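Here the structure comes first, spelled out in structure tokens, and everything after it is commentary.
The values are calculated or read from the model by the stated rules, or taken from the named source; none is laboratory data. It should be emphasised that the depicted structure is a prediction, and the values quoted were computed from it without experimental measurement. No Cβ is skipped: glycine too gets one built from the backbone with ideal geometry, and neighbour counts run over all protein chains shown. In case anyone asks, the SASA skips ligands and DNA or RNA and just uses the protein heavy atoms, side chains included. Shrake-Rupley method; radii C 1.70, N 1.55, O 1.52, S 1.80 Å.
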Amino acid sequence: MEKIRLDNISFAYAQQKVMIPVIREVTLSVKAGEFVTIIGPSGCGKSTILSLLAGLNTPSDGSIRIDGEAIRGTGSERGVVFQHYSLFPWMSARKNIIFGLRQLKKRKSHKELAEITDHYLSLVGLHDVGDKYPNQLSGGMQQRVAIARAFAMDSEILLMDEPFSAVDAKNKMGLQELLLNLWNSGAQKKTVVFITHDVDEAILLSDRIVIMSACTKGIKEIIPVHFKRPRNRATLIKTPEYAAMRHMLINSLFDDLIEEVAV
Amino acid sequence: MNTLCRAAKAPDTPQKWFRKIALRPQIRLADILFISAMVLASLPGQRTTAFEFRGYLMALLVLIELIHQLYRTLHKNPVKKRSAGDISAVLFLGIMAWELMTSHFDLLQHLLFPVPGKVVAVFIAELPVFAHCLVSSLGLLGAGYLLALVTAIPLALVIGWRKRLFAAVNPLTKVLGPIPPIVYIPYAIVILPTFKCASIFIIFIGAFWPIFIGTLNATFNVDQRLIDSARVLNVPERTMLFEIILPGIMPAIISGATLGLVFSFILLTAAEMIGASSGLGWYVKYFSDFADYPRVVAGILFIGCVVTAITGCFECIERRLLSWKS
Ligand SMILES: Nc1ncnc2c1ncn2[C@@H]1O[C@H](COP(=O)(O)OP(=O)(O)OP(=O)(O)O)[C@@H](O)[C@H]1O
Ligand SMILES: [Mg+2]
């Protein structure tokens, strides 16, 4: 069943008096419970697409539908983790999560909220820094708090913009596992749109990988990933199929760079 | 390692001792100045009043030195210690200059420039009156200033947040904001029923514009990432204004509020000088009319102390509100 549909969307940023087109006629459909990853060169408009999906910007053309209905602004069925900065600096890590939970309008006691918060903080490995303010935490720790908040809010759709980019390798693996577990658990699988620069991460996590071309050139290729789940990182990496897919992805990404250099 | 330990335990050589003292000349400077000021105060000058009130002056000098020494023993930070010494040195120098100009060289007019000892004596004697004046002044200041805070901040938040409202109101603030609030005083006294109402209104106006304009501009220019983070959590407008934007622009609000406080204090004293029958501004004006200048100087110094205390409290509140920034 189709969960998210981008229909021929275009978008341009208004800067002073000129419009800078970034997205031109992009169409994409994401099934319910599907894990879709978007990769592409820096500045190609990945974050812009995510902001359109989140409802922070409205496409100048085309429509975005969720469950068949055109979206109007932000919605509580979508949880977002930004590429940069999404914590409120005057709230401690714990308060940031509780604040998010309180906006859900599910009646919950203080105790329940605190329990959920502590649970997710320890899942991302941060149970002991809950009372620190964001600027007392490292970039990777801040990112993990933001992830914990999005996970705790338990929305049907997760939109994540390079969420693990600032996290060290060890924690990154843990968080990838965690994300897959959360995606899979619950009565209904979540639908995830995930942006990354990391090809291995894309293969490990996704059902489909969307490769974007440079700015305004739209989607270049969509590659389904058929490896059986649960995927074991250690064994998967050794298979020739994995090497072939990795090679194909890198070539596809690289093409663009070569084109760019040639121009 | 061993030699290091022994060196640390060894008694101070004369060179070391000299370096210890000489490298911190400000300790000695403040202390030397203290002793000089005490000697100066005890010597008879050309004015008999100075000699008569020398005990008060010496008490003041001892008080300053005591506070200085107490501060030095309580604080560890060498930079702070040094500036405490420097501040006392400046105070001693100022008092000595005053004493020399009035009593010893008798350069200044007797009536207009009282000797420091006399002012200290008056200051102490007048403390009950000062307290009374302070209560009346703080009543007006508190009423006007709090009124400005509770109206300016929410109003500015709402107007700054609604872009269309901002565009409509901003030109008006540009015209009304810069009007010096002093010019409202005569008019306010005429149109408002009592002097009390008029002063509260004037203080309100003085504090309102800096707070309002500071908050308005900060709201309009608030960091978009903050807004986006809140929007994806689907916060309602009320929450957006009071739980996201308000704390987000707190630094700007505080600087507006500090400016507003300074303005409101100026206007308070100005208004009191014009039409009050109590209060700090009234006190200074009243005794100038009687040419009682020791009281005038004591009153001015007391106002200085009050302003310092209020600003100190304000900085405390600021530090608590912005503890997350450190
Ligand atoms: N607020 C903005 N105003 C104007 N132009 C913008 C704005 N945000 C992004 N752009 C432009 O839009 C283009 C796409 O930006 P976007 O952030 O979507 O890229 P991205 O694919 O997420 O890149 P990265 O991988 O580096 O995060 C860039 O060329 C950028 O300069
Ligand atoms: Mg991006």
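Remarks
- Amide H contacts under 5 Å for A:Val22, placed H, 5+ residues apart: A:Phe11, A:Ala12, A:Tyr13
- Local electrostatic count, B:Tyr283, Cβ distance below 12 Å [Lys/Arg +1, Asp/Glu -1]: -2
- Contact order, relative form, for the range B:74-216: 27 percent (alpha carbon pairs under 8 Å, 6 or more residues apart, mean separation divided by residue count).
- For chain A, the 222 nm mean residue ellipticity estimated from helices alone, with every DSSP H stretch of n ≥ 4 adding -39500 (n - 2.57) and the total spread over all residues, rounds to -12000 deg cm²/dmol.
- Surface analysis of the protein assembly as shown yields an accessible area of 53 Å² per residue, using protein heavy atoms and a 1.4 Å probe.
- Average beta carbon contacts from partner chains per residue of A:241-247, 10 Å cutoff: 0
- Fraction of antiparallel bridges per DSSP, the protein assembly as shown only, in percent to nearest 5: 55 percent
- Association of chains B and A removes close to 1900 square angstrom of accessible area from solvent, both sides included, for a probe radius of 1.4 Å.
- The residue list B:Met240, A:Asn96, B:Pro181 was ranked by how far each Cα lies along the charge dipole of the protein assembly as shown toward its positive end, using unit charges on Cβ atoms, and A:Asn96 comes out on top.
- Highest-first packing order for the peptide set B:242-248, B:310-316 is B:242-248, B:310-316, based on the mean count of other beta carbon atoms within 10 Å.
- Under 5 Å between amide hydrogens, built in the peptide plane, is the criterion, and for A:Glu2 it picks out A:Ala32 among residues at least 5 positions away or on other chains.
- Percent carbon-and-sulfur accessible area, chain A, ignoring ligands, DNA and RNA, probe 1.4 Å: 53 percent
- Burial here means at least 40 square angstrom less accessible surface with every protein chain in place than with the chain by itself, probed at 1.4 Å; in the range B:307-326 the buried residues are B:Trp324.
- Net charge, A:Gly218 excluded, C-beta distance under 10 Å - Lys, Arg +1, Asp, Glu -1: +2
- Note on A:Lys108: aspartates and glutamates with a C-alpha under 20 Å away, same-chain residues under 8 apart excluded, are A:Glu77, A:Asp118, A:Asp154, A:Glu156, B:Glu243.
- For B:Tyr56, the accessible surface of its heavy atoms amounts to roughly 100 Å² (probe 1.4 Å, protein chains only, rounded to the nearest 10).
- Electrostatic dipole magnitude of chain A [Cβ: Lys, Arg +1; Asp, Glu -1; Cα centre; debye, to 20]: 780 debye
- Radius 10 Å from Cβ of A:Ala32, net charge of other residues (Lys, Arg +1; Asp, Glu -1): 0
- Cα centroid separation, the range B:28-54 to the range A:1-41 (Å): 82 Å
- Of A:Lys46/A:Lys217; A:Lys31/A:Lys189; A:Lys132/B:Lys325; A:Lys46/A:Lys220; A:Lys95/A:Lys132; A:Lys111/A:Lys132, those spanning more than 18 Å from alpha-carbon to alpha-carbon: A:Lys111/A:Lys132
- Part-to-part distance (alpha-carbon centres) for the range B:281-326 and the range B:94-158, which is given in Å: 6 Å
- Assuming charge only on the beta carbon of Lys and Arg (+1) and of Asp and Glu (-1), the dipole of the range A:160-262 about its Cα centre is about 620 debye to the nearest 20.
- Calculated FRET value between A:Glu115 and B:Thr48, using beta carbons and R₀ = 56 Å, to 0.05: 0.10
- B:His104 accessible area, 1.4 Å probe, all protein chains in place, Å² to nearest 10: 30 Å²
- Taking all protein chains as shown and a probe of 1.4 angstrom, A:Arg94 keeps an accessible surface of around 50 Å².
- Evaluated with a Cβ-only charge set (Lys, Arg +1; Asp, Glu -1), the range B:65-123 carries a dipole of roughly 460 debye about its Cα centre, given to the nearest 20.
- Considering only B:Leu280, A:Ile116, B:Val90, and ranking their Cα positions along the charge dipole of the protein assembly as shown that arises from unit charges at the beta-carbon of Lys, Arg, Asp and Glu, the one farthest toward the positive end is A:Ile116.
- Across the options B:Phe302, A:Met1, B:Gly144, the greatest Cα extent toward the positive end of the charge dipole of the protein assembly as shown (unit charges at beta carbon of Lys, Arg, Asp, Glu) belongs to B:Phe302.
- Our coupling estimate for the range A:25-37, obtained by passing each phi through the Karplus curve with A = 6.51, B = -1.76, C = 1.60 and θ = phi - 60°, is 6, 9, 10, 7, 10, 10, 7, 4, x, 8, 10, 10, 10 Hz, Gly and Pro reported as x.
- Sorted on the mean count of surrounding Cβ atoms within 10 Å across their residues, most packed first, peptides B:65-78, A:227-240 read B:65-78, A:227-240.
- The angle between the Cα long axis of helix B:250-275 and the longest principal axis of the Cα atoms of chain B comes to about 70 degrees, rounded to the nearest 10.
- Protein accessible area in the range B:176-315, 1.4 Å probe - carbon and sulfur %: 71 percent
- Normalised contact order of chain A, rounded percent, pairs of Cα under 8 Å and 6 or more residues apart: 24 percent
- Alpha carbon centroid spacing (whole Å) that separates the range B:183-207 from the range A:150-200: 61 Å
- Neighbouring partner chain Cβ atoms per residue of B:232-241, average, 10 Å criterion: 6
- For the range B:130-138, the Karplus equation 6.51 cos²θ - 1.76 cosθ + 1.60, evaluated at θ = phi - 60°, returns couplings of 4, 4, 4, 4, 4, 4, 5, 5, 5 Hz by residue, with Gly and Pro reported as x.
- Helix-only [θ]222 nm of chain B, DSSP H runs n ≥ 4, -39500 (n - 2.57) each, per residue, nearest 500: -25500 deg cm²/dmol
- Prolate is the label for the range A:106-263, because the ratio a/c of its alpha-carbon gyration tensor axes (a ≥ b ≥ c) is 1.5 or higher and a/b is greater than b/c.
- Within 10 Å of the Cβ of each residue in A:97-110, the mean number of Cβ atoms contributed by other protein chains is 2.
- Cα gyration tensor shape of the range B:75-155, rounded if a/c is under 1.5, else prolate or oblate by comparing a/b with b/c: oblate
- Share antiparallel - DSSP beta bridges, chain A, percent rounded to 5: 55 percent
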